[in-house]
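Peer 1: Pasting a structure here, questions to come.
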Amino acid sequence: MIKVLLFAHLKDALGKEEVSIDAAGLTIAAVKEKLAADFKLEGLDAVMAAVNEEFADEDTVVTDGDIVAFIPPVSGG
Amino acid sequence: MIKVLLFAHLKDALGKEEVSIDAAGLTIAAVKEKLAADFKLEGLDAVMAAVNEEFADEDTVVTDGDIVAFIPPVSGG
Amino acid sequence: MDERYSRQTLFTPIGQSGQQKIRGKHVILVGAGALGSANAEALTRAGVGKLTIIDRDYVEASNLQRQQLYTEADVLEKLPKAEAAKNHLNQINKDVEIEALIIDATAVTLEEQLPDVSLIIDCTDNFETRMVINDLAQKYAIPWIYGACVGSVGMSFTIIPGKTPCLHCLMRTIPMQGVTCDTGGIISPAVQMVVAHQSAEALKILVEDWDAVKPSFTTFDLWRNEYQSFKVSKVKKSDCLSCGDAPTYPFLTPENATKTTVLCGRDTVQVRPPAQRNLKLDKLASDLAGGGYEVKGNPFLLSIEKNGERMVVFQDGRALIHGTKDLAHAKALYQRILG
Amino acid sequence: MDERYSRQTLFTPIGQSGQQKIRGKHVILVGAGALGSANAEALTRAGVGKLTIIDRDYVEASNLQRQQLYTEADVLEKLPKAEAAKNHLNQINKDVEIEALIIDATAVTLEEQLPDVSLIIDCTDNFETRMVINDLAQKYAIPWIYGACVGSVGMSFTIIPGKTPCLHCLMRTIPMQGVTCDTGGIISPAVQMVVAHQSAEALKILVEDWDAVKPSFTTFDLWRNEYQSFKVSKVKKSDCLSCGDAPTYPFLTPENATKTTVLCGRDTVQVRPPAQRNLKLDKLASDLAGGGYEVKGNPFLLSIEKNGERMVVFQDGRALIHGTKDLAHAKALYQRILG
């Protein structure tokens, strides 16, 4: 199991800020697909990801116990 | 051993932000006395203390592995 | 100006109903320095109903580097800060009632202002006034927001009477001779960061979103890239004299207040702290010398000069401010240097 | 005004030598909205040598709730933001040279400004301009500071060419249809908090204290009491087209820029994004309706009206702005709504 933390509008869309999913061995890109399918989260493609408080690429593979954060970049100013 | 984190001018006075000391079983008040004696840190009496990210009283007893933070209250405004 | 608050009402936790609540509230800012001017600007732009600004001092050149609102013209006119702030705030939002009080905030003068106040924001530069605010807030059950900064360090904590610990719970004794902006300097980002926390907390309280109020004590150092929050629930004390079961509000009594008196026949004010202070004069001298003060001294006292004003500080904390008969100004100088 | 910077030079990491460095530097602010006005005020008070402020739009009533410097009079006069900012900054510190450029910041117009610039501060409201800044910063080896906010959320990251990853490393694609201040609202504390980070980073860079520069990407939510920093060292990519071994600076090419044209014989500007967008029109409609826009639509387009201005947005991202021939203003409206 990995723990997924969501920020900003993703958190609002999900209605909570964290969720545990069975995703060990998946890449970040695959985790995004899984979240999109399981929770109907939209617009994850340009969302930044961090694994254990460190920014990670789309092809980073997550392992059991990882904490994965998804950070939608904000544009206002 | 406990880990002591220092903030603001205490950090400057010590020259580093953390130090490990042998203080298990001591109260916060006694840890302050020990720091004053061992490192010549002054003005610790009104400094606030936290144990494991939670504010703690002078008579709180610390145990091995605790992280103790000392936060000198700041007055400027 | 119909659209003025549209981006704020769009924010779901505020909305139209929150905006109406903000509009109906009266907030007191104690101090109109760096924290005070920036909090005043934020709340005026946000459309609070009434803002009372209490400050005892006037605008000086050394304020301009970090104190919002004020201009070079305010310095040249030596305008009182509360009045200068009011002038600028009126240009920003004429719908907000600004009350400028050019007085020294003491237990007596502050207490008079409290009827119908929803929130007190701490923008002072010393712990004596903060402890007065803390006692009054408990006595009248008014939330208040502690904020302070020096160098690149800042901290903030929201105190809700009957719910959170109070400042007296967190600090059993008033800190003596800490670093002040006059001895350690201050950069404007540290001010902004404290104000960001204070004004966010203010909005939560004004719209009565009590669950959103920050439950922890936050401290940061922007230059060292540090940010930490500490839980506080374990330090609320039932025997606290300010917020406990049998409160006596000790900081509202005259014995716990700094005294000022004009010395008979001399253009000099004596400032006497409530308790003897045991000052480290050599440390104070070196700190002040770095701050552009001219400092001379001996083991018993320091003579400190700047801008034609001279202060003599004795080792027990007593001081003489020469060249003035203005009690509030003398106390302001004293507390700005000694905290 | 001798004492003006005394509290800043007292801060040890700046000191007198740091103050001289700040005084010798030229900073560009791209955008004079909420982040721009507050960063401009901070740097002007801090005594930077020269400040160039680029903005394409004018002051509106809905800006006053969170954009420092601006007053009701600026709204009534519909002053360009860069010019209004300059007027107010001149009152605050006449020693700082303020250059106000009332232009649309594009790859071409920005590049002309870069000789002798020490730092670019991102105060824009859209990712297209940020990617242009990112490429130019790499091409000319100039540090820049990303900042953005919406609602009570904000984020900031400092990009040092040759050292840190760039924005293109962090975001392989430009986000489409995120939440903007026009759809999700914004509260001023979120602005202040981003500015606190940006202006602290700016001071570090101006005094050349490179070791102090924040190495992580910071994001916060003031209403939800969250603050997190993420390390970035693993995402610097040697094949990045902006900062890698063989950069092509893709966002400096015309194909990657939004196009605007006045439609022949009509008081209408067409705005065309560089790539087709696949907008969710129903979501956009409900977001904008909450923002005080009058919205009508069908499955192919939305008609959006506010303050007598009408915009028609097509599902592929193309838009017509009616009632104006001003290209920069039309693009500003478009990017403010669509990010």
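The values are calculated or read from the model by the stated rules, or taken from the named source; none is laboratory data. Note that the structure is a prediction, hence the values are computed from the model and not measured. Here Cβ is always computed from backbone atoms with ideal geometry, including for glycine, and neighbour counts include all displayed protein chains. Please note that ligands, DNA and RNA were not included when accessible areas were found on the heavy atoms of the full protein model with its side chains. Shrake-Rupley method; radii C 1.70, N 1.55, O 1.52, S 1.80 Å.
Peer 1: Tell me the residue from C:V48, C:V27 that is in a strand (DSSP E or B), aliphatic (A, V, I, L, M) and either in contact with a Pro (Cβ under 7 Å, 6 or more places away or on another chain) or in the same structural domain as C:A196 (by TED's automatic domain parsing) (or both), please.
Peer 2: Of the residues listed, the single one that is in a strand (DSSP E or B), aliphatic (A, V, I, L, M) and either in contact with a Pro (Cβ under 7 Å, 6 or more places away or on another chain) or in the same structural domain as C:A196 (by TED's automatic domain parsing) (or both) is C:V27.
Peer 1: Is one or more of the residues making up the stretch C:217-226 outside the structural domain of C:A202 (by TED's automatic domain parsing), β-branched (V, I, T) and open to solvent by less than 60 Å² (accessible area, probe 1.4 Å)?
Peer 2: Checked the stretch C:217-226: no residue is outside the structural domain of C:A202 (by TED's automatic domain parsing), β-branched (V, I, T) and open to solvent by less than 60 Å² (accessible area, probe 1.4 Å).
Peer 1: Within the stretch D:176-193, track down each residue that is of a type outside the set (S, T, N, Q), in a loop (DSSP other than H, G, I, E, B) and within 14 Å of chain C (Cβ to nearest Cβ).
Peer 2: Within the stretch D:176-193, D:V179, D:G185, D:I187 qualify.
Peer 1: Looking at (1) touching a Lys or Arg at 6+ places or on another chain (Cβ under 6 Å); (2) without any contact (Cβ under 8 Å) to a residue 24 or more places away in the chain, find the lone condition where C:G49 falls short.
Peer 2: (2)
Peer 1: So C:A289 fits all but one of (1) touching a residue at least 24 places away in the same chain (Cβ under 8 Å); (2) among the small types (G, A, S); (3) on the phi < 0 side of the Ramachandran plot; what number is the exception?
Peer 2: Every listed condition holds for C:A289 apart from (1).
Peer 1: Can I ask one more? Between a residue in the stretch C:1-15 that is more than 17 Å from C:I92 (Cα to Cα) and any residue that is in a loop (DSSP other than H, G, I, E, B) and open to solvent by 20 Å² or more (accessible area, probe 1.4 Å), which pairs come within a Cβ distance under 8 Å, given they are 6 or more apart or on different chains?
Peer 2: C:L10/D:G292; C:P13/C:D209
Peer 1: Modelled with pLDDT under 95 and either surrounded by fewer than 24 Cβ atoms within 10 Å (Cβ to Cβ) or more than 8 Å from every other protein chain (Cβ to nearest Cβ) (or both): is that true of D:T173 in this structure?
Peer 2: yes
Peer 1: Can you confirm whether the stretch D:3-13 contains a residue that is under 24 Å from D:A190 (Cα atoms) and among the basic types (K, R)?
Peer 2: No, the stretch D:3-13 has no match at all.
Peer 1: Given the criteria open to solvent by 50 Å² or more (accessible area, probe 1.4 Å) and either at pLDDT 95 or above or of a type in the set (D, E, K, R) (or both), does D:Q91 qualify?
Peer 2: yes
Peer 1: Can you find a residue that is within 11 Å of the chain's Cα centre (by Cα), surrounded by fewer than 19 Cβ atoms within 10 Å (Cβ to Cβ) and more than 13 Å from every other protein chain (Cβ to nearest Cβ) anywhere in the stretch A:1-18?
Peer 2: yes
Peer 1: To continue, here is another question. Identify the residue in the stretch A:33-46 that is open to solvent by 10 Å² or more (accessible area, probe 1.4 Å) and not in a loop (DSSP other than H, G, I, E, B) and, among all such residues, is nearest to A:E58 (Cα to Cα).
Peer 2: Filtering the stretch A:33-46 for residues that are open to solvent by 10 Å² or more (accessible area, probe 1.4 Å) and not in a loop (DSSP other than H, G, I, E, B), the one nearest to A:E58 (Cα to Cα) comes out as A:E33.
Peer 1: Any residue at all in the stretch C:306-327 that is in contact (Cβ under 8 Å) with a residue 60 or more places away in the chain, under 24 Å from the mean Cα position of the chain (by Cα) and assigned to a helix (DSSP H, G or I)?
Peer 2: yes
Peer 1: Would it be correct to say that C:G147 is in contact with a Ser or Thr (Cβ under 7 Å, 6 or more places away or on another chain) and away from chain D (no Cβ under 14 Å)?
Peer 2: no
Peer 1: Please work out if C:Q276 is of a type outside the set (S, T, Y), closer than 22 Å to C:K259 by Cα and surrounded by fewer than 18 Cβ atoms within 10 Å (Cβ to Cβ).
Peer 2: Here the answer is yes, as C:Q276 does meet what is asked.
Peer 1: Right, here's the next one. Going by the conditions given, is D:A285 away from chain A (no Cβ under 14 Å) and open to solvent by less than 60 Å² (accessible area, probe 1.4 Å)? Let's see the steps before the verdict.
Peer 2: Values: away from chain A (no Cβ under 14 Å): yes; open to solvent by less than 60 Å² (accessible area, probe 1.4 Å): yes.
So D:A285 fits the description; yes.
Peer 1: Going through the stretch D:241-285 one residue at a time, which ones are farther than 30 Å from D:G162 by Cβ, modelled with pLDDT of 85 or more and assigned to a helix (DSSP H, G or I)?
Peer 2: Correct list: D:L281, D:D282, D:L284, D:A285.
Peer 1: Within the stretch B:19-32, restricting attention to residues that are more than 14 Å from chain C (Cβ to nearest Cβ) and among the small types (G, A, S), which residue is least open to solvent (accessible area, probe 1.4 Å)?
Peer 2: The residue in question is B:A23.
Peer 1: Are any residues in the stretch A:56-77 under 28 Å from D:G151 (Cβ atoms) and either of a type in the set (S, T, Y) or in contact with a Leu (Cβ under 6 Å, 6 or more places away or on another chain) (or both), and if so, which ones?
Peer 2: A:A69, A:F70, A:P72, A:S75, A:G77
Peer 1: Here are some residues: D:K296, D:K331. Which one is closer than 27 Å to D:I186 by Cα and either open to solvent by less than 70 Å² (accessible area, probe 1.4 Å) or assigned by TED's automatic domain parsing to the domain that holds D:F127 (or both)?
Peer 2: D:K331
Peer 1: Checking C:R336 against (1) modelled with pLDDT of 90 or more; (2) in contact with a helix residue (DSSP H, G or I) (Cβ under 8 Å, 6 or more places away or on another chain): exactly one of these is not met. Which one?
Peer 2: For C:R336, the exception is condition (1).
Peer 1: Would you check if there is a residue in the stretch D:64-80 being among the hydroxyl-bearing types (S, T, Y), more than 17 Å from D:G31 (Cα to Cα) and over 16 Å from the mean Cα position of the chain (by Cα)?
Peer 2: Yes, that holds for at least one residue.
Peer 1: Which condition does C:E305 not pass, out of (1) over 25 Å from C:I174 (Cα atoms); (2) out of contact with any Leu (no Cβ under 9 Å at 6 or more places or on another chain); (3) more than 14 Å from chain D (Cβ to nearest Cβ), if it passes all the others?
Peer 2: Single failed check for C:E305: (3).
Peer 1: Can you tell me which residue within the stretch C:176-204, out of those that are open to solvent by 10 Å² or more (accessible area, probe 1.4 Å) and of a type outside the set (S, T, N, Q), is farthest from C:M155 (Cα to Cα)?
Peer 2: Among residues in the stretch C:176-204 that are open to solvent by 10 Å² or more (accessible area, probe 1.4 Å) and of a type outside the set (S, T, N, Q), the one farthest from C:M155 (Cα to Cα) is C:M176.
Peer 1: Moving on. Could you grab me the full set of residues in the stretch D:10-24 that are open to solvent by less than 30 Å² (accessible area, probe 1.4 Å) and assigned to a helix (DSSP H, G or I)?
Peer 2: Passing the criteria: D:G15, D:G18, D:Q19, D:I22.
Peer 1: Okay, moving on. If I ask for residues that are more than 10 Å from chain D (Cβ to nearest Cβ) and among the small types (G, A, S), which ones from the stretch C:1-17 would you list?
Peer 2: Hit for the stretch C:1-17 is C:S17, nothing else.
Peer 1: Still on this structure: State whether the residues of the stretch C:197-216 include one that is more than 10 Å from every other protein chain (Cβ to nearest Cβ) and not hydrophobic (A, V, I, L, M, F, W, C). Spell out the reasoning first.
Peer 2: Looking only at the stretch C:197-216, we keep the residues that are more than 10 Å from every other protein chain (Cβ to nearest Cβ), and these are C:205-208, C:210-211.
Of the ones still in play, those that are also not hydrophobic (A, V, I, L, M, F, W, C) are C:208, C:211.
Checked against the condition, which is being more than 10 Å from every other protein chain (Cβ to nearest Cβ) and not hydrophobic (A, V, I, L, M, F, W, C), the stretch C:197-216 yields at least one hit.
Peer 1: Taking the stretch B:59-77, which residues are at the interface with chain C (Cβ under 7 Å from one of its Cβ atoms) and either open to solvent by 20 Å² or more (accessible area, probe 1.4 Å) or free of Cβ contacts under 8 Å to residues at least 40 places away in the same chain (or both)?
Peer 2: Scanning the stretch B:59-77 gives B:P73, B:S75, B:G76, B:G77.
Peer 1: Would you be able to say whether some residue in the stretch C:197-215 is in contact (Cβ under 8 Å) with a residue 60 or more places away in the chain, closer than 16 Å to D:Q8 by Cα and touching a Lys or Arg at 6+ places or on another chain (Cβ under 9 Å)?
Peer 2: There is no residue in the stretch C:197-215 that is in contact (Cβ under 8 Å) with a residue 60 or more places away in the chain, closer than 16 Å to D:Q8 by Cα and touching a Lys or Arg at 6+ places or on another chain (Cβ under 9 Å).
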